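Undergrad: Sending over a structure as structure tokens; questions will come in a sec.
The values are calculated or read from the model by the stated rules, or taken from the named source; none is laboratory data. Small disclaimer: the values here were computed from a predicted structure and weren't measured. A quick note on method: Cβ atoms are made from the backbone with ideal geometry, for glycine too, and the neighbour counts reach across all protein chains shown.
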Amino acid sequence: MKRQFGHRARLVLAAAQAAVLDAQGHAARATWNLLHDWWLMLPKAKRSLAVADAVIRQGRKDLDWLGVLPAQAAQAVLKTYFQAWKNCWEGRAQAPEFKARFRTRMSLDIPQGRDLHVVRVHRRWGMVNIPKLGRIRFRWTKDLPVGKHVGKDHRITGARLVKDTLGWHIAFRITTLAPASVPHSGPEVGIDAGIAVPLALSDGENIEHAPWLSKGEEERLLHHERRAARRKAYRKKGERASRRLQQTYDQIARIRATAKRRREDWQHKTTTSIAEVYGTVVVEALHITNMTRSAKGTVEAPGSQVAQKAGLNRSILGEAWGRTVQLLAYKVAHRGGILAEVLAPGTSQECHRCHTVTPGSRRNQAEFVCNNSACGWEGNADTNAARTVLHRYRTGHPLVPAAGRAVVRRAANGVKPATAR
């Protein structure tokens, strides 16, 4: 079966090369904004792909700062913009919007894979050709279809350059043929997501991780946040941030980006190991937006313990439970398994053996004692919740709430996870 996936690698750029890519990224964003304004001003009868293409070509000739963008990258902006409107018309997304300078991640596309000329030069490094920039070195962390491995069914079809807080990266688009997945014969497992124990499995295993930041990094982050607060206090309302304040913001963003990378690395490794071992993975359908809602309340009815709730919200968002489920979805599907979601309310208070919910059964974060005199089961609270999640799946527990919102996601035989309604 045909499989398409991506691989992201870090580029090694000199200061001058990074400046060139920054100029191209700003030109791509400006092209999108100019195209958006042009589209909204024209009558519907005059809007067409051919006319828009002619406008972009003329703009690249007349404006030097717009001409730094490679022609193929400009065409990719045009195609992406038209696809955005198509997604809007078909109800899959909102209408395209203006891309602000400081709230938009800079990126540009290289649509033709043959222009990349990817070569592996060392065990750890590779070289790629970037238009108007030349040969650039990138970090080689995954085998790519280059050299004798290139074929019609196994090749790099394009790439996208993306800039984040830690610099420029290249995301390769790869097409390959993979054997059709057969049903996974592994056992079933229920997973309970938490904060003290990130992932607890129904077989008694707890998957944990170290803090995303070391003590020194946390101290530096706190130092920069306090410095930013002091400098922000001197800024008048509506005034642009000073250069020093912007540098402090950049230092904060770099530390947070480091924590994010470590979290994503742990998530990828953990979800891969789970998908390889288990054939059926059952998780809770968590409403993270509702769980992380502020406790401030209103002026008439102010909330209580606002600071404690804010700290809990930061801990929940720091674990990124939603992304863990997304990674499990496609990895379990690729290996022929099934991913299912069950309703979450009551899983931490229900006994997995007698299935009764009694007040005070969960004594603390780690201990669960069933108050049912006929049962009296004692054990780890997170393991009990994971086993309850698995039991709800096996017994056909109501999977769709009364409101009709979908909470079941299944994936098998390489098919994109579908949502039951």
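Undergrad: Any idea which of (1) of a type outside the set (S, T, Y); (2) modelled with pLDDT of 90 or more; (3) under 30 Å from A385 (Cα atoms) is the one R226 doesn't satisfy?
TA: (3)
Undergrad: To continue, here is another question. Out of (1) under 28 Å from A259 (Cα atoms); (2) surrounded by fewer than 16 Cβ atoms within 10 Å (Cβ to Cβ); (3) touching a strand residue (DSSP E or B) at 6+ places or on another chain (Cβ under 6 Å), the odd one out for R105 is which?
TA: Of (1) under 28 Å from A259 (Cα atoms); (2) surrounded by fewer than 16 Cβ atoms within 10 Å (Cβ to Cβ); (3) touching a strand residue (DSSP E or B) at 6+ places or on another chain (Cβ under 6 Å), only one is false for R105: (3).
Undergrad: If I go through region 195-219 residue by residue, how many of them are among the aliphatic types (A, V, I, L, M) and either assigned to a strand (DSSP E or B) or at pLDDT 90 or above (or both)?
TA: Residues flagged as among the aliphatic types (A, V, I, L, M) and either assigned to a strand (DSSP E or B) or at pLDDT 90 or above (or both) within region 195-219 amount to 6.
Undergrad: Further question on the same structure: Among the residues of region 135-155, write down those that are outside any loop (DSSP other than H, G, I, E, B) and at pLDDT below 90.
TA: G147, K148, H149, G151, H154, R155
Undergrad: If Q4 passes every condition in (1) surrounded by 11 or more Cβ atoms within 10 Å (Cβ to Cβ); (2) among the polar types (S, T, N, Q); (3) in contact (Cβ under 8 Å) with a residue 12 or more places away in the chain but one, which one does it miss?
TA: (1)
Undergrad: If only one of R261, R293 is loosely packed, with under 15 Cβ neighbours inside 10 Å and touching a Leu at 6+ places or on another chain (Cβ under 8 Å), which one is it?
TA: After applying the criteria, what remains is R261.
Undergrad: Residue by residue through region 131-161, note down the ones that are without any contact (Cβ under 8 Å) to a residue 60 or more places away in the chain and either buried (at least 16 other Cβ atoms within 10 Å of the Cβ) or small (G, A, S) (or both).
TA: The answer is G134, P145, V146, G147, G151, R155, I156, G158, A159, R160.
Undergrad: I'd like to check something: does region 34-52 contain any residue that is assigned to a helix (DSSP H, G or I), under 32 Å from the mean Cα position of the chain (by Cα) and more than 24 Å from A100 (Cβ to Cβ)?
TA: yes
Undergrad: Here is a list of conditions, (1) surrounded by fewer than 18 Cβ atoms within 10 Å (Cβ to Cβ); (2) at pLDDT 90 or above; (3) touching a Lys or Arg at 6+ places or on another chain (Cβ under 8 Å); (4) not charged (D, E, K, R), and A253 meets all of them except one; can you say which number that is?
TA: Checking A253 against (1) surrounded by fewer than 18 Cβ atoms within 10 Å (Cβ to Cβ); (2) at pLDDT 90 or above; (3) touching a Lys or Arg at 6+ places or on another chain (Cβ under 8 Å); (4) not charged (D, E, K, R), the one that fails is (3).
Undergrad: Looking at (1) closer than 27 Å to A259 by Cβ; (2) buried (at least 17 other Cβ atoms within 10 Å of the Cβ), find the lone condition where A210 falls short.
TA: (2)
Undergrad: Looking at region 231-243, is at least one residue at pLDDT 90 or above and in contact with a helix residue (DSSP H, G or I) (Cβ under 7 Å, 6 or more places away or on another chain)?
TA: No, region 231-243 has no match at all.
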